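J.: Take this structure, written in structure tokens, and hold onto it; I'll ask about it next.
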Amino acid sequence: MKLSFSAEDELFRKEVAAWLNDNLVGEFTQLKFRGGPGDEHMFPEERKAWEQKLAEGGWTCVGWPKEYGGRGCSIEQQVIFNEEYARCGAPGHVGHIGEGLAGPTIIAFGTEEQKQKYLPGIVAGKELWCQGYSEPGAGSDLANVKTKARFDEEKGKWIINGQKVWTSLAHESDYVFVIARTDPDSVAHKGLGFFLMKMDQPGIEVRGIEQITGTSEFNEVFFDDAECEADDIVGAPGEGWKVAMGLLGFERGVSTLGQQMQFQNELNQVIDIAKENGAYQDPTIRQRIAKAHTELKIMRYNSMRMLSGQGGGDGSLQKEALIYKLFWATWHRSMGELAMDVMGPESEILDGGPYELSRLQSMYLFVRSDTIYGGTNEIQRNIIAERGLGMPKEPRVAAK
């Protein structure tokens with residue numbers, strides 16, 4: 001593990017912490033420890049205002065190059081920012097898909113015109129993005145997408161038809177990046193395009209999906225002759241898979257350290273409850289808490305290892321990154337179960353509808369999805385075996 005922090009980095013840490021402590025006050029105090037997966041429904045407008053407050057202070061997109069509005073921070077400083085952001089309880093980024101996925105992908109693969117058109121709104125915290133990847137028949141098997149894109153010569157635009165599902169924050173988003181099939185006769189990862197599209201237009205319909213938590217942060221998105229400007233395809237037609245895989249590399253980036261600080265906040269809350277209600281006296285509970293603490297440290301060390309060796313601007317990472325999703329998703333699911341056991345049987349009982357879940361109750365229900373979205377645990381194990389260990393590929397039925 002080569003990643004370490006210099007004296008200059010530690011001064012940067014103090015600067016970040018000081019700004020957050022000075023600004024996460026007043027109207028923003030209620031946002032502490034809110035937002036993020038499973039809690040996206042909380043304070044959406046207030047969190048949008050917070051996003052713009054961050055932008056005013058120059059604290060959005062800190063790792064982006066300065067020429068595109070970022071701070072040009074080193075990997076070490078990006079890690080520090082994400083850690084301090086979570087440590088102080090700052091709310092989940094409502095614009096994280098734009099800042100962490102769409103923006104870096106446009107910087108890496110987009111044209112200069114696309115960068116000038118889309119990046120400023122992300123940096124300003126005023127334009128939100130969602131991800132148009134999964135479909136009813138193409139979740140973990142992303143290459144099976146059926147959404148189609150045809151170029152209309154008369155209009156000079158791409159026409160998109162199809163359906164996406166599990167689209168986080170589509171109901172709040174201004175833009176969506178979409179994987180669609182530009183060659184109707186193509187199969188698997190060939191013949192795909194990567195499109196940047198405006199959400200507020202005829203031909204795009206968003207339908208919320210009610211979750212077990214009673215909230216709807218996921219959505220179905222239907223495209224019925226929706227339009228995409230000719231210049232808003234990233235890369236050439238047929239290169240969509242390359243761009244899509246580059247984007248997934250950014251998903252395993254520095255934000256993983258911030259995610260782990262959020263996990264630490266949850267674990268701290270569970271420990272506090274165990275002390276208050278006496279659950280800590282159960283040796284099995286103590287052992288499970290110790291195990292959760294140890295595995296969270298392991299998660300951090302592996303993240304530091306994979307970040308210290310990450311590749312260039314295409315988002316590529318070392319093989320250590322292949323295990324990350326499987327590890328954290330399984331850990332978080334177990335964390336939810338631990339939280340419920342520490343809170344005791346009463347945590348399973350609510351007074352009556354409409355149900356108001358506590359943060360940990362909501363977390364327990366939501367983490368069931370952690371091992372599904374972003375690639376199921378089963379798919380993650382296949383990826384580790386095939387790409388990481390070089391084992392024979394799983395038999396697949398030939399496409400017709």
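The values are calculated or read from the model by the stated rules, or taken from the named source; none is laboratory data. Predicted model only: the values in this text are computed from it and were never measured. Please note: Cβ atoms are built from the backbone with ideal geometry, for glycine as well, and neighbour counts cover all protein chains shown.
J.: Go over the candidates A279, A274, A290 one by one and state the one that is surrounded by fewer than 17 Cβ atoms within 10 Å (Cβ to Cβ) and either of a type outside the set (G, A, S) or at pLDDT 95 or above (or both).
T.: Being surrounded by fewer than 17 Cβ atoms within 10 Å (Cβ to Cβ) and either of a type outside the set (G, A, S) or at pLDDT 95 or above (or both) holds for just one of A279, A274, A290, which is A290.
J.: Provide a single number: the residues in region 337-374 that are closer than 30 Å to G139 by Cα and at pLDDT 95 or above.
T.: 4
J.: Next question, about the same structure. With the requirement that a residue be of a type in the set (S, T, N, Q) and in a strand (DSSP E or B), what does region 156-179 give you?
T.: Answer for region 156-179, where residues must be of a type in the set (S, T, N, Q) and in a strand (DSSP E or B): N161, Q163.
J.: Looking for whichever is surrounded by 20 or more Cβ atoms within 10 Å (Cβ to Cβ) and not assigned by TED's automatic domain parsing to the domain that holds K198 here; the options are G58, G103. Which one fits?
T.: Only one candidate qualifies: G103.
J.: If G35 meets every condition in (1) in contact with a Pro (Cβ under 8 Å, 6 or more places away or on another chain); (2) crowded, with 22+ Cβ neighbours inside 10 Å; (3) part of a helix (DSSP H, G or I) apart from one, which number is that one?
T.: Evaluating G35 over (1) in contact with a Pro (Cβ under 8 Å, 6 or more places away or on another chain); (2) crowded, with 22+ Cβ neighbours inside 10 Å; (3) part of a helix (DSSP H, G or I) leaves (3) as the failure.
J.: Provide a single number: the residues in region 226-244 that are under 30 Å from H41 (Cα atoms) and assigned to a strand (DSSP E or B).
T.: Selection size over region 226-244: 3.
J.: Here's something else I'd like to know. Scanning region 328-377 for residues that are of a type in the set (F, W, Y) and in contact (Cβ under 8 Å) with a residue 60 or more places away in the chain, which turns out farthest from I273 (Cα to Cα)?
T.: Y373
J.: Can you tell me which condition L317 does not meet? The list is (1) of a type in the set (A, V, I, L, M); (2) under 24 Å from G139 (Cα atoms); (3) modelled with pLDDT of 80 or more, and all the others hold.
T.: Tallying (1) of a type in the set (A, V, I, L, M); (2) under 24 Å from G139 (Cα atoms); (3) modelled with pLDDT of 80 or more, L317 fails exactly one: (3).
J.: Another question, if that's okay. Report whether or not A102 is among the small types (G, A, S) and under 27 Å from R381 (Cβ atoms).
T.: In short, no.
J.: Do the conditions hold for E76, that is, is it surrounded by 18 or more Cβ atoms within 10 Å (Cβ to Cβ), within 19 Å of the chain's Cα centre (by Cα) and not aliphatic (A, V, I, L, M)?
T.: In short, no.
J.: Another question, if that's okay. Confirm whether I212 is in a loop (DSSP other than H, G, I, E, B) and farther than 14 Å from S134 by Cα.
T.: Yes.
J.: Next question. Does M261 satisfy being surrounded by fewer than 17 Cβ atoms within 10 Å (Cβ to Cβ), within 20 Å of the chain's Cα centre (by Cα), farther than 15 Å from H171 by Cα and not aromatic (F, W, Y)?
T.: no
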